[in-house]
Each structure stands twice: as C-alpha cells, then as structure tokens.
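The values are calculated or read from the model by the stated rules, or taken from the named source; none is laboratory data. What you see is a predicted model, and the numbers here were worked out from it, not measured in a lab. For neighbour counting, all protein chains shown are included, and Cβ atoms are generated from backbone atoms with ideal geometry for every residue, glycine included.
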Amino acid sequence: MKIDAAAPCVLVMGQNILVVEDDVALREYTALLLVADGHTVSQLGDADNLANVVRREEADLILLDFHLPGIDGLMALRQLRSKLLTLPVIVMTSDTNPQVILQCFRAGADDFIGKPFDEVYLSLIVGRTLDRVSNSLKNYIFRLMKYARHTNDCEQDKSKECICGLQETIWEATKATRSIRDV
C-alpha cells in the first residue's frame with residue numbers, strides 16, 4: 001500500500017517504542033524509521049518475556065509481529081492484556097486474512113499494519129495511535145479535575161460514596177492512566 005507523502009500526518013514525537021520482530025533486517029529497518037521520526041526504540045526478536053521487558057523498558061507503544069518463534073504475537077498480546085498492561089500495541093503481519101485481523105483486535109490490539117508496509121504508512125499509524133492515547137489521557141485528566149471540584153460541592157453524605165456517576169469516571173481514568181511503571 002502506497003501513501004501520499006504529502007498527506008497530512010500527525011506525529012507524536014519522542015516516545016519509547018518496543019519493536020518485537022523475529023526478522024532481524026525488518027526489525028532494524030523498522031527501528032531506523034522510528035528513530036528518524038524522533039522516537040527511542042528498543043528491539044526484541046521474540047515475545048517470550050515481553051511483559052517483563054515492557055516494564056523494564058518503560059515502553060509507550062509496542063509494534064508486535066504476529067508470527068514469532070515461541071510465544072506468538074497473539075498469545076503475547078493476550079498475556080499483556082491479562083496483566084492489565086494497557087499500553088498501545090500495533091500488530092504487524094504479512095497475513096492479512098480478515099480472521100487474523102479480527103483475532104488481533106479481539107485480543108486487544110490498538111491497530112494493525114500489514115507487511116510489507118510503506119514507511120509513511122508506518123509513521124502515520126504509529127503517530128495516530130500515540131495521538132489517540134494522548135487525547136484519551138487528556139480527556140480522563142479533565143474528567144478527574146471535574147470530579148475533584150465536584151467532591152467539594154457534592155451534597156451526598158460524606159460518609160458514603162458519591163452516587164452521581166463520577167466514581168465510574170475515576171475508575172475509567174485509573175484504567176486509562178495506569179502505566180507500565182505502576183504495575
């Protein structure tokens with residue numbers, strides 16, 4: 001797929017990205033492209049200890065190959081989500097069968113890139129995913145600020161939970177802002 005290089009592209013700069021790809025040449029090429037976009041990149045050739053590496057590397061996003069030796073990308077994604085690691089994951093694979101794509105999204109993938117990919121397309125998808133996460137976080141912070149102001153004004157009995165719905169907002173904000181560093 002070719003993308004017009006002149007098309008507008010939103011890029012979130014300076015994020016820590018973990019590339020998990022068993023093809024060394026593709027992994028290094030992908031890392032090179034991401035570094036050129038201003039990101040810091042770590043690389044793995046398999047997903048066997050991915051959750052531990054994610055915590056140690058403090059990744060902001062993972063580019064995860066679907067077909068990996070040992071634990072495949074789908075199983076690795078499920079393990080991340082089962083540990084409540086909510087950082088964005090973009091799955092990469094040459095298998096663009098709709099069932100494979102559906103499996104990835106059901107397992108918690110944030111996006112999908114078919115291989116081989118265009119450099120501009122990779123940059124666009126990574127930037128868009130990081131931008132979406134950033135906007136979501138800003139939205140939850142705004143809602144938390146609203147809640148903080150609300151608790152002072154709430155006419156609810158102070159010994160009981162507020163039942164006006166903002167407790168749910170707190171829970172959603174906590175889930176959205178939970179970072180790898182806190183797990």
Please state which of the following conditions Tyr29 fails to meet, knowing it meets all the rest: (1) closer than 16 Å to Phe117 by Cβ; (2) touching a strand residue (DSSP E or B) at 6+ places or on another chain (Cβ under 7 Å); (3) surrounded by fewer than 19 Cβ atoms within 10 Å (Cβ to Cβ).
-> (2)
Checked pairs for segment 98-115, first under 17 Å from Thr30 (Cβ atoms) and without any contact (Cβ under 8 Å) to a residue 40 or more places away in the chain, second of a type outside the set (S, T, N, Q) and part of a helix (DSSP H, G or I), C-beta under 6 Å and 6 or more apart or across chains, list as Asp111/Ile125; Phe112/Ile101; Phe112/Cys104
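Among the candidates Met92, Met75, which residue alone is touching a residue at least 12 places away in the same chain (Cβ under 8 Å) and under 26 Å from Glu119 (Cα atoms)? Please lay out each step first, then the result.
Details: Met75 fails: under 26 Å from Glu119 (Cα atoms).
Sole residue among the options that is touching a residue at least 12 places away in the same chain (Cβ under 8 Å) and under 26 Å from Glu119 (Cα atoms): Met92.
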Somewhere in segment 51-65, is a residue touching a residue at least 12 places away in the same chain (Cβ under 8 Å) and of a type in the set (Lys, Arg)?
-> yes
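Do the conditions hold for Val91, that is, is it in contact with a helix residue (DSSP H, G or I) (Cβ under 7 Å, 6 or more places away or on another chain), surrounded by 18 or more Cβ atoms within 10 Å (Cβ to Cβ) and either under 22 Å from Asn16 (Cα atoms) or at pLDDT 95 or above (or both)? Before the answer, list the steps.
Working: in contact with a helix residue (DSSP H, G or I) (Cβ under 7 Å, 6 or more places away or on another chain): yes; surrounded by 18 or more Cβ atoms within 10 Å (Cβ to Cβ): yes; either under 22 Å from Asn16 (Cα atoms) or at pLDDT 95 or above (or both): yes.
When the stated conditions are applied, Val91 passes them.
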Out of curiosity, is Thr30 among the β-branched types (Val, Ile, Thr) and at pLDDT below 90?
-> no
Is there any pair linking a residue in segment 31-47 that is assigned to a loop (DSSP other than H, G, I, E, B) to one that is of a type in the set (D, E, K, R), with Cβ under 8 Å and at least six apart or on different chains, and which?
-> Gly45/Glu21; Gly45/Asp22; Gly45/Arg27; Asp46/Asp22; Ala47/Asp72
